[in-house]
Amino acid sequence: MSQSETSSAELLIREIAELDRLAGDVIASGQLDRVPHAELRRLIDAATRLYAAACEREGVELRPVSPAVSTTEAVRLSVALARSQDLSPFDLALWFHQLRPADGD
């Protein structure tokens, strides 16, 4: 199958697998200082938009991370995301009940 015959979704799935592998390599090798903050933000922006669109399409809150992500890592990102949007714990409480979690997943 040529690249022109491959859907954007299929390409994205392959790139995500490669990105996951590369991110692990960068963390393990201690090369985080070589990844500019602007590029990390770009990655999180894209993942956030993709996640939000998928939740909207499904009508439920999808499980955003696997058990491979520690509680500390998940909370660190959660707090940073909330602060980046100037959200307080009260604001989060209102949003907390907007979507129901997906079963299983």
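The values are calculated or read from the model by the stated rules, or taken from the named source; none is laboratory data. Because the structure is predicted, anything quoted here is derived from the model rather than measured. We place every Cβ from the backbone using ideal geometry, glycine too, and count neighbours over all the protein chains shown.
Check whether at least one residue in the range 15-26 is assigned to a helix (DSSP H, G or I), more than 16 Å from the chain's Cα centre (by Cα) and free of Cβ contacts under 8 Å to residues at least 40 places away in the same chain, and report yes or no. Yes; the residues of the range 15-26 include at least one that is assigned to a helix (DSSP H, G or I), more than 16 Å from the chain's Cα centre (by Cα) and free of Cβ contacts under 8 Å to residues at least 40 places away in the same chain. Cβ-Cβ contacts under 9 Å between residues 6 or more apart (or on different chains), taken from a first residue in the range 48-66 that is on the phi > 0 side of the Ramachandran plot to a second residue that is modelled with pLDDT under 90 and surrounded by 14 or more Cβ atoms within 10 Å (Cβ to Cβ), are listed as Gly59/Leu99. In the set (1) over 30 Å from Trp95 (Cα atoms); (2) at pLDDT below 95, Arg21 fails one condition alone, (2). Could we say that Leu81 is free of Cβ contacts under 8 Å to residues at least 40 places away in the same chain, within 16 Å of the chain's Cα centre (by Cα) and surrounded by 11 or more Cβ atoms within 10 Å (Cβ to Cβ) here? Spelling it out, Leu81 is indeed free of Cβ contacts under 8 Å to residues at least 40 places away in the same chain, within 16 Å of the chain's Cα centre (by Cα) and surrounded by 11 or more Cβ atoms within 10 Å (Cβ to Cβ).
Taking every residue in the range 88-105 that is closer than 14 Å to Cys55 by Cβ and pairing it with any residue that is among the basic types (Lys, Arg) and modelled with pLDDT of 70 or more, at least 6 positions away or on another chain, the pairs with Cβ-Cβ distances below 6 Å are Asp105/Arg63. Selection within the range 58-82: residues that are modelled with pLDDT of 95 or more and among the charged types (D, E, K, R). The member of this set that is nearest to Ala17 (Cα to Cα) is Glu73.
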